[in-house]
Amino acid sequence: MATAFITHPDCWMHNMGAMHPECPDRLSAIQDRLIASGIDSFLSFYDAPQASIEQLSRVHPSQHVEDLIHCAPERGIKHIDADTAMCPHTIRAALRAAGAGVMATDLVMRGEVQNAFCAVRPPGHHAERARAMGFCFFNNIAVAAAHALEQHGLKRVAVVDFDVHHGNGTENIFAGDPRVLMVSFFQHPFYPYSGADNPASNMVNVPVPAGTRGEGFRNLVTDIWLPALAEFAPEALFISAGFDAHYEDDMASLGLVEADYSWVTLQLRQFAEAHCGGRIVSILEGGYALSALARSAVAHIKVLADL
């Protein structure tokens, strides 16, 4: 079966300002690299639908969703916090980003594709249950995981987050939920300054210091993540695929390279094949050095597609 590649032109329209690192060029860089690599012809391409209020309300209060939708400006840029802003196109992009995860989950659960990568923005893993923050509006990975649980009747799912920043929003939404295991690593101390102290029992958080490189990352995946995943026995994997731990990305101070992203993707794909029927939904999170982002995302997709 093929790997799905899900995106939508609306995701290019979200703009938080000319100098903002979470920019439309991120998606263009991935698309261009995908074509240049020659693997695009092996993927199945889909346009992301908009997530419904019902789908979003599984992880966000419906009033918060409605308030955020009606908060969008008619023109210009409106800041929610110092890092996070809305333009007139933001809500359409955010609805597509969350909807991509829902579509990916449906495609994978119906067996139409083996796995899926959602090239969408805005990202989602900082969006808490009732708070947009950190470039994020709706928590795309949480919406997708909740859809698998509620719509497809899965009993256990796992979220794997290898973004350089702690996925505080995903933890806020799923902390204490016995149906969800989250395994993550993140630079610490670093934005959003969370995740290291007293996490819930279903959160396997691994904070690492600045300067951590591929060997340290691979060791924690082998020694901590994979045993925790095996014990939990999820029925599907959901990946918050941030590529800002790359050594070229000056938004942080870790030292991963494309080979590390290929390696961790292979470990997760092999785990999913052995334990989850191969079911993986991966959704783009961070990654702001455009060339490094594109190379790393395509390396990730290439392994998902077993190419």
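Would you compute, from DSSP H runs of 4+ residues alone, the mean residue ellipticity of the chain at 222 nm, taking -39500 (n - 2.57) per run and dividing by the full residue count, rounded to the nearest 500? Before the final figure, lay out the partial values.
Details: 11 runs with 115 residues, N = 307.
Computed ellipticity for the chain at 222 nm equals -11000 deg cm²/dmol.
With +1 assigned to the C-beta of every Lys and Arg and -1 to the C-beta of every Asp and Glu, and no other charges, what is the dipole magnitude of segment 14-155 about the Cα centre in debye, to the nearest 20?
Working: 12 positive and 15 negative charges, 20 e Å.
Computed about the Cα centre, the dipole is about 100 debye.
Once you keep just the Cα pairs under 8 angstrom separated by 6 or more residues, what percentage relative contact order results for segment 149-223? Spell out each step's value before the answer.
Values: 106 pairs, mean separation 21.0, N = 75.
Reported relative contact order: 28 percent.
Could you put MET19, MET1, MET109 in order, starting from the residue whose Cβ has the fewest other Cβ atoms within 10 Å?
On the way: MET19 6, MET1 13, MET109 19.
Ranked by crowding around the Cβ, least crowded first: MET19, MET1, MET109.
Once you reduce segment 81-103 and segment 104-155 to the center of their Cα atoms, the two points are 13 Å from each other. For segment 34-51, the residues whose backbone nitrogen is under 20 Å from a point 7 Å from the Cα of LEU307, taken along Cα to Cβ, are 34-48. Taking label positions 7 Å along the Cα-Cβ direction at both ALA36 and ASP223, the computed distance is 3.7 nm, reported to one decimal. Altogether, the Stokes-Einstein calculation at 20 °C and 1.002 mPa s, with the Kirkwood radius of the chain over Cα pairs as Rh, returns a diffusion coefficient of 115 µm²/s.
About the Cα centre, and with charges only on the beta carbon of Lys, Arg (+1) and Asp, Glu (-1), how big is the dipole of the chain? Nearest 20 debye, please. Before the final figure, lay out each step's value.
Values: 20 positive and 34 negative charges, 77 e Å.
The calculated dipole for the chain is roughly 360 debye.
Compare the peptides 206-214, 90-98 by average per-residue count of other Cβ atoms within 10 angstrom and give them in order, highest first. Before the final figure, lay out the partial values.
Details: 206-214: 16.0, 90-98: 26.8.
Packing proxy ranking, top to bottom: 90-98, 206-214.
Of all DSSP beta bridges confined to the chain, the antiparallel ones make up roughly 10%. Note that segment 169-175 has calculated 3J(HN,Hα) couplings of x, 5, 5, 4, 6, 10, 4 Hz, one per residue in order, obtained from phi through the Karplus relation 6.51 cos²θ - 1.76 cosθ + 1.60 (θ = phi - 60°); glycine and proline are x.
Here the relative contact order of segment 1-141, from alpha carbon pairs under 8 Å that lie six or more residues apart, stands at 35 percent.
Check each of the GluC sites (Glu not before Pro) in segment 14-93 and keep only those in coil by DSSP with at most 11 other C-beta atoms within 10 angstrom; list them in order.
On the way: sites: GLU22, GLU54, GLU66, GLU74; in loops: GLU22, GLU74.
Listed in order of number, the matching sites are GLU74.
Candidate membrane-span-like segments in the chain, meaning DSSP H helices with Cα atoms spread over at least 24 Å of their own axis and a Kyte-Doolittle mean of -1.0 or above, are 90-109, 258-275, with no membrane implied. May I ask which residue of ILE283, VAL264, ALA233 lies farthest towards the positive end of the charge dipole of segment 232-307, with charges of +1 (Lys, Arg) and -1 (Asp, Glu) on Cβ and the Cα centre as origin? Of the listed residues, the answer is ALA233.
If you bin all the Cα-Cα distances of segment 99-190 at 5 Å, starting from zero, the percentages per bin are 3, 14, 23, 26, 21, 10, 3, 1, 0.
Just so you know, all these numbers are worked out from the coordinates, no wet-lab data involved. These figures come from a predicted structure and were not determined experimentally. Every residue, glycine as well, gets a Cβ built from its backbone with ideal geometry; the counts of neighbours run over all protein chains shown.
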